[in-house]
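Just so it is clear, none of the values below were taken in a lab; they were calculated from the coordinates. It should be emphasised that the depicted structure is a prediction, and the values quoted were computed from it without experimental measurement. Here the Cβ is made from the backbone with ideal geometry for all residues, glycine too, and neighbour counts use every protein chain on show.
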Amino acid sequence: MTPPAPFWQTKTLAQMTRAEWESLCDGCGRCCLHKLRDEDTGELAFTNVACRLLDLSSCRCRHYATRKRFVPDCVTLTPTLLATIDWLPPSCAYRRVAEGKGLAWWHPLVSGDPDSIHRAGLSVRGRAISEDEAGPFEDYIADWPGRMPRARRPAKERS
């Protein structure tokens, strides 16, 4: 008997349960990097400065459930909001599923390993600085957070 297709292949983002929605986050931490938008042109610039709540080792929010208490303007991603924002990286699982691309091999739901995102070189681990340590964000402009990374597939995950 063929196993059922995974939920991200059979449901729209709006049809997913809260647990399914939350499990789509691959833990890369890129969405937690500060972005700067030019007020005149609307141009977006990415930085490698992370929200102070982001654990730079695990790439997870230290206070996810209560983050709005600490960072009132933290975005709560929803299917509706997803359609209106332009700053999620092309590797983001939410964006990939919304665009019909599915999940990549590095995603923990595919690999079965929450560290695969880090081993693939897609997370902010080792590439970001906390806003508590950074100076002016303009000094930390980086293009990599907004680009599709060249994932490094470890030999044991190649097949």
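Which loop trypsin sites (Lys or Arg not before Pro) in the stretch 63-159, with loop taken from DSSP, have no more than 13 other Cβ atoms within 10 angstrom of their Cβ?
Numbers: sites: Arg67, Lys68, Arg69, Arg95, Arg96, Lys101, Arg119, Arg125, Arg127, Arg147, Arg150, Arg152, Lys156, Arg158; in loops: Lys101, Arg125, Arg127, Arg147, Arg150, Arg152, Arg158.
Answer in residue order: Lys101, Arg147, Arg150, Arg152, Arg158.
Using only alpha-carbon positions in the stretch 1-41, the gyration tensor eigenvalues give semi-axes of 33, 13, 9 Å once each is multiplied by 5 and square-rooted (largest first). Think of the chain as a dipole: +1 on every Lys or Arg Cβ, -1 on every Asp or Glu Cβ, centred on the Cα centre; then among Phe46, Ala134, Phe7, Phe7 lies furthest on the positive end.
Cross-link partners of Lys101 among aspartates and glutamates, defined as those whose alpha carbon lies under 16 angstrom from its own and excluding same-chain residues fewer than eight positions apart: Asp26. Working note: 222 nm ellipticity from helices only, DSSP H runs with n ≥ 4, each -39,500 (n - 2.57), summed and divided by the residues of the chain, gives -3500 deg cm²/dmol to the nearest 500.
Quick one: work out the % antiparallel among DSSP beta bridges in the chain, nearest 5. Percentage antiparallel, nearest 5: 80. Averaging the sequence gap over all C-alpha pairs within less than 8 Å and six or more residues apart, then dividing by the number of residues, gives the stretch 45-159 a relative contact order of 44 percent.
Order by neighbour count: Val75, Val124, fewest other Cβ atoms within 10 Å first, most last. Walk me through the numbers before you get to the answer.
Values: Val75 14, Val124 22.
Fewest-to-most ranking of Val75, Val124: Val75, Val124.
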